[in-house]
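The values are calculated or read from the model by the stated rules, or taken from the named source; none is laboratory data. This structure is a prediction, so every number in the text was calculated from the model and none was measured. Note: ideal-geometry Cβ built from the backbone for every residue, glycine included; neighbour counts use all protein chains shown. Just the protein is used for accessible areas: all its heavy atoms, side chains included, with ligands, DNA and RNA removed. Shrake-Rupley method; radii C 1.70, N 1.55, O 1.52, S 1.80 Å.
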Amino acid sequence: KRLSPTIAEKIILHPLFFSALALKNGDVVGMVAGAIYTSGEVIAVSKELINLAEGITLPSAFFLMTKTGSPYGENGALMFADASVNINPSEEELTQIAVMSGETAKTLFGWQPRVALLSFSTKGSAQHPLADKVVRATQLAQQLNPEMAIDGELQGDAALQEEVAKRKIKEPSSVAGKANVLIFPSLEVGNISYKLVQRIAGIEAVGPVLQGMAAPINDLSRGCSVSDIVNLVAITVNQAAGIN
């Protein structure tokens, strides 16, 4: 960008730019950042230097929420998406987040994804444009990947508890009551939800794990612990192994 050598050197030596350039150059296979930088900074540098994966128009992120002995999700593990990047995704963006999260669950964790698009309404129990957005996104996601188990709009209890799902839903569902991937309608809902269950219920939250980048790049919360960093590094290594 026609920078002077002095300015270029200062930029390159910034930890985010240096790491992203090392990843782009093949000197490393993954990047973990965010303990002292905002998500916006990490994603901005990553998009500028690494770009998005082919066919992806927006990055998103999920948290892996785990609790030993929990009856929910995949042996006590759940994916929460998007809880870090997209503030108010459109129907089309929510569709992409849902399908991409399901694919991540399959390729990274070996799950058979059961993707629930969440709302304050279950199958038309409430009428509102916000619920309509989730209904339409569900339909688009099912069309985009008809082989994946995707359902919505579902309330949280209907997505996780089979006895509740049976009371609220008349038609059969391969997702309701047994979801392992939860898609939130907005960043506001997703971010608040993961932090509340992490603190109140003592559930371990690993992430945010970025999806949609052309190389493994992950963004920590600035409130992260040492174990959070170690866990996210482990996931990044697994992502790199899958790509390579």
task: Give me the distance between the Cα centres of the range 163-235 and the range 34-87, rounded to whole Å.
output: 8 Å
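When only Cα pairs under 8 Å and 6 or more residues apart are kept, what is the percent relative contact order across the range 31-102?
On the way: 56 pairs, mean separation 18.2, N = 72.
Across the range 31-102, relative contact order equals 25 percent.
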task: Average the reciprocal distances over every distinct pair of alpha-carbons in the chain, invert the result, and give the Kirkwood radius in Å.
output: 18.5 Å
task: Note down the net charge around Asp151, summing +1 for each Lys or Arg and -1 for each Asp or Glu among other residues with Cβ under 15 Å from its Cβ.
output: +2
query: When the accessible area of the chain is split by element with a 1.4 Å probe, what percent falls to carbon and sulfur?
result: 55 percent
- prompt: Net charge near Ser19, counting Lys/Arg +1 and Asp/Glu -1 over other residues with Cβ under 15 Å of its Cβ?
  reply: -2
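Within the range 147-187, report the trypsin sites (Lys or Arg not before Pro) that DSSP leaves as loop and that have at most 16 other Cβ atoms within 10 Å. Working shown, then result.
Numbers: sites: Lys166, Arg167, Lys168, Lys170, Lys178; in loops: Lys170, Lys178.
Those that pass, being in a loop and sparsely packed, are Lys170.
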- request: Rounded to whole Å and sorted largest first, list the principal axis extents of the Cα atoms in the range 19-91.
  value: 43, 32, 27
task: Rounded, prolate or oblate: pick one for the range 79-126, where a ≥ b ≥ c are the square roots of the eigenvalues of its C-alpha gyration tensor, a/c under 1.5 means rounded, and failing that, prolate if a/b is larger than b/c, else oblate.
output: oblate
task: For the range 185-244, just run the numbers: alpha carbon Rg, then divide by 2.2 N^0.38 Å, N being how many residues it has.
output: 1.22
field: GNM flexibility winner over the chain from Asn88, Asn25, Asn218 (Cα, springs under 10 Å)
entry: Asn25
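Output the direction-averaged projected area (hull surface divided by four) of the convex hull of the alpha-carbon atoms of the range 1-52, in nm². Numbers along the way, then the final one.
Working: hull surface 16.0 nm².
Here the figure is 4.0 nm², rounded to one decimal.
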query: For the chain, what proportion of DSSP beta bridges, expressed in % and rounded to the nearest 5, is antiparallel?
result: 50 percent
- line: Restricting to Cα pairs under 8 Å and 6 or more apart, the percent relative contact order of the chain works out to 29 percent
Rounded D (µm²/s) - the range 96-158, Kirkwood Rh over Cα pairs, Stokes-Einstein at 37 °C, 0.692 mPa s: 276 µm²/s
- prompt: When the helices in the chain are scored as -39500 (n - 2.57) per DSSP H run of 4 or longer and the sum is shared across all residues, what 222 nm value do you end up with, to the nearest 500 deg cm²/dmol?
  reply: -13500 deg cm²/dmol
- request: Determine ³J(HN,Hα), in whole Hz, for all residues of the range 209-220 in sequence, where each value follows from phi through the Karplus function 6.51 cos²θ - 1.76 cosθ + 1.60 and θ = phi - 60°; x replaces Gly and Pro.
  value: 9, 6, 10, x, 7, 6, 8, x, 10, 9, 10, 7
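What does the charge add up to near Leu187, with Lys and Arg as +1, Asp and Glu as -1, over the other residues with Cβ less than 13 Å from its Cβ?
Numbers: positive: Lys195; negative: Asp82, Glu93, Glu188.
So the surrounding residues net to -2.
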statement: Residue-ordered couplings for the range 123-136, obtained by feeding phi - 60° into the Karplus form 6.51 cos²θ - 1.76 cosθ + 1.60 and rounding to whole Hz (Gly and Pro as x), are 6, x, 5, 9, 10, 6, x, 5, 6, 4, 4, 5, 4, 5
